[in-house]
Structure formats: structure tokens, C-alpha cells
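Student: Below you'll find the structure I mean.
The values are calculated or read from the model by the stated rules, or taken from the named source; none is laboratory data. What you see is a predicted model; the values in this text were computed from it and never measured. Cβ coordinates were reconstructed from backbone atoms using ideal geometry, including for glycine residues, and neighbour counts include every protein chain displayed.
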């Protein structure tokens, strides 16, 4: 029978290094995806994910099973992401294309119908990501926790420290804002 997260954390606290490997395996992708959606930058999401697991290793003696482990871990992830957002408020990034003399990248060109569908799907995803990125952080994080991480309203309330009713309001407002922002896509599909 598979051990619970709480049992694994207790085992880690008692010196079982394999228990931390198991926890990492269970949560690394989930925490990374949460951070990526909240921060929008892969490098920042990787840094935040590393910070979460480093924090977990450092605080192994201070973790107490008073809350569900996943709720506690997402709270740590949320704090790491918010910290990164505060640090990068006034920072911008530049990207550079490949220089002369570098190897060319090979491209596999799909059939036109497949390419068109893939293009439209990618374009739709880009519009949705942009709309989500424009939401206030408080709305964005609860929406991501609900829609992408599939957490309950109670778990989101515990992670964010918001009341249950406020979590519901924030999610409702985020969805309404997205509906308004993305309404042009609905009109395109209907015509």
C-alpha cells in the first residue's frame, strides 16, 4: 500500500532520505506547473520550484501534520511565487535570436490541415494565457489552483489564507473577467 504524503514526511523527519525522493516525485511537476502559470516565465518557475523543495528540506523538523501536506506545500509554493513577483516588478527581459554561423534548426512540417488545427490551438492557448496573466494576482492564483491544480475551495482557502467566501468571489470575478476578455473568441467561433 502506498504511503500518504504525511507518512512520507514523517519518515523523512526520522531520517529516511528515500521518503523525500518520493515526495519530490509526486509534487515536482505539480508545483512547477503551478509556479509557471502564476509567474509566466519558465526560469522563474524553475527557481520557485527549487526554492519550495529546498525550503521543504530545510524545514523538515518544523513541519507539523496540522494541515494536509499538499495544502502546506502549495502554501510554500505560493509564497515563493509571490516573493518572485515582488522582486521582478520592475524588471524586464530581452531575448536574442541565434547569431550567424550557428547550426540551423531542423523543422518537421506537418500536413496543412494538422498544421492549421495546431496553429489555432496554440493561438487560442496564447490568448487564454495572456488573459490569465492580466488578472490581478489574487484572482490569478485562486483560478490556477482551482482550474489547473484541481484543488477544492477549502484547500485554496487554506493555502491563500482567504476566507472560503472570498475564494469563491475571487474565482467568480476571475472567470467573469476572462469571459469578458475572451468574448471576441466566442464571437469568432459562432460566426
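Yes/no per residue for (1) modelled with pLDDT of 90 or more; (2) surrounded by 11 or more Cβ atoms within 10 Å (Cβ to Cβ); (3) within 20 Å of residue 34 (Cβ to Cβ):
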residue: 87; (1), (2), (3): no, no, yes
residue: 111; (1), (2), (3): no, no, no
residue: 174; (1), (2), (3): yes, yes, yes
residue: 191; (1), (2), (3): no, no, no
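Student: Quick one: is residue 37 assigned by TED's automatic domain parsing to the domain that holds residue 75, under 21 Å from residue 140 (Cβ atoms), in contact with a helix residue (DSSP H, G or I) (Cβ under 7 Å, 6 or more places away or on another chain) and surrounded by fewer than 16 Cβ atoms within 10 Å (Cβ to Cβ)?
Tutor: no
Student: Is at least one residue of the stretch 46-68 in contact with a helix residue (DSSP H, G or I) (Cβ under 9 Å, 6 or more places away or on another chain), touching a residue at least 60 places away in the same chain (Cβ under 8 Å) and more than 30 Å from residue 134 (Cα to Cα)?
Tutor: For the stretch 46-68, residues in contact with a helix residue (DSSP H, G or I) (Cβ under 9 Å, 6 or more places away or on another chain), touching a residue at least 60 places away in the same chain (Cβ under 8 Å) and more than 30 Å from residue 134 (Cα to Cα): present.
Student: While we're looking at this one, here's another question. Got a sec? Which helices (runs of 4 or more DSSP H) wholly within the stretch 1-72 have at least 3 residues that are within 30 Å of residue 125 (Cα to Cα)?
Tutor: Passing ranges, in order: 17-39, 42-58.
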